[in-house]
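Remarks on the structure that follows.
Derivation of every value follows stated rules applied to the coordinates shown; laboratory data play no part. All values reported here derive from a predicted model rather than from experimental measurement. In this analysis, Cβ positions are derived from the backbone assuming ideal geometry, glycine residues included, and neighbour counts consider all displayed protein chains.
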């Protein structure tokens, strides 16, 4: 199979070919590795690769699950899998081995995924662009290599967009699936809180903000992947409503009535929206209205945005402190501080000084936003927003060479409509429905009520049919 043919297929296409014996797992793995060797030097999307491990898995693979024996990449965010080292994008954790599988890893494996490397992240997955010093250089956007591929799943987004693999693992604690999906012109869905397992080593990430998922080039691949991995695990602190049957089987089901969709065209606290992002929003509105749905230019919910950003900063800083202390608690005089980027070191110091009251109030702020947004969306079926407030930023535009609060404040003005949905726990997806005059992808975000993945995937599939994006690929 040549590169051109390889890039024309999604994960479910490959699964069909594997089960029909039109292709062997090793032939498919060799295609993925060949593509990685060709394009990764240009975009720096893969770290801690273990190609021989991938080939060994493929040689001995027994087809199973939805995807049979599909080459796959895990994000370098700490998802436990002993055969692939971790770094969390940090020089402090370089070549860390975790000697067990996470629950989610086991579910990926049972669904037919064959991991052969990890994808790059910013340090501790704290940024909307992937430029960690640990990675030896920035991860570049396949659509414009002076632009960011997004973050924190920036390597995953770039790898999928560049055609290394059709879908990849991602995680999202403040937009980290949706940002690279928007920047790289692919589909990315953040599931509802509690739908995807986080164990067995932890019950939550970032005070309930974080969850895992995938980035893909087709809606149906994401739906099929969720079918394989979704569902509560024993002892989890959160639970999303159980799914009604298969997400994949819902994609072709029409809506019984026109949907009522709130559209946000202005940012909280007058944060500006770039005209290109408004053009993408207008295009999405036109598509939805052509399907018979009602799109309403709606007022924003009464969220105190600056107070939310402060709460998010405090919870993230507390988590940096916990992570770093787990490594250095018994070695505080070793000069480890030099291995952290400036904003992350400042986050550590901020976290050490936080009071219990401050942390508890931050969690209460998240819960308040959850109630506000679920109450707000009761008047609608979906919310439509720009994914980002600007097109993909240039590399070096948003960096960790600052204090943590200033850095995260700048992030909040770029990804204004994203982290609040992590606080609410609702599902949200970024869809690639527009490209700028400069040829850069511009995503729009669609938000559903808590537990509404089925309807969100159905509507995303309708938009994909109305304006297909799968064959639109970067020239790399």
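Quick notes on this structure:
- With a simple spin-label model that places each label point 7 Å from the Cα along the Cα-to-Cβ direction, the separation between residue 38 and residue 279 comes to 3.1 nm.
- Semi-axis lengths, Å, segment 134-250, gyration tensor of Cα atoms, sqrt of 5 times eigenvalues: 26, 17, 10
- Fewest neighbouring Cβ atoms within 10 Å first, the residues 88, 93 line up as 93, 88.
- The chain, helix-only ellipticity at 222 nm - DSSP H runs n ≥ 4, -39,500 (n - 2.57), divided by all residues, nearest 500: -11500 deg cm²/dmol
- Percent of Cα pairs in segment 337-382 per distance bin of 10 Å, from zero to the largest separation: 22, 27, 24, 20, 7, 0.
- For segment 58-167, the square roots of the Cα gyration tensor eigenvalues, ordered a ≥ b ≥ c, give a/c of at least 1.5 with a/b no greater than b/c, which places it in the oblate category.
- Length released on extending from residue 110 to residue 379, taking residue separation times 0.36 nm less the Cα-Cα span: 92.9 nm
- Residue-span extension gain [residue 322 to residue 397] - 0.36 nm each, minus C-alpha spacing: 24.2 nm
- Segment 232-309 - Rg over Rh from alpha carbon coordinates, Kirkwood radius: 1.09
- Relative contact order of segment 271-368: 36 percent, from C-alpha pairs under 8 Å at least 6 residues apart in sequence.
- Taken over the C-alpha atoms, segment 161-201 has Rg and Dmax values of 11.6, 33 angstrom.
- Residues of segment 291-314 with amide N under 16 Å of a point placed 7 Å along Cα→Cβ from residue 238: 312-313
- Cα Rg over Rh - segment 181-261, Kirkwood: 1.00
- Our note on the geometry: Cα centres of segment 1-77 and segment 83-148, 17 Å apart.
- Relative contact order, percent, the chain [alpha-carbon distance under 8 Å, six or more residues apart]: 17
- Taken as Cα centroids, segment 393-457 and segment 264-309 sit 13 Å apart, rounded to the nearest whole angstrom.
- Protection-proxy order for peptides 151-157, 252-258, 380-386, each taking the mean of Cβ atoms within 10 Å per residue, highest first: 151-157, 380-386, 252-258
- Ascending count of other beta-carbon atoms within 10 Å, so fewest first, for 266, 393: 266, 393
- Within segment 38-87, the ratio Rg/Rh, alpha carbon atoms throughout and Rh by Kirkwood, equals 0.99.
- Three semi-axes describe the equivalent ellipsoid of segment 379-421; taken as square roots of 5 times the Cα gyration tensor eigenvalues and ordered largest first, they are 25, 13, 5 Å.
- Normalising by residue count, segment 355-476 has a Cα convex hull of 140 Å³ per residue.
- With the highest mean first, a sort of the peptides 425-435, 457-467, 289-299 on other beta-carbon atoms found within 10 angstrom per residue produces 425-435, 457-467, 289-299.
- Taken over the Cα atoms of segment 390-449, the convex hull encloses 85 Å³ per residue.
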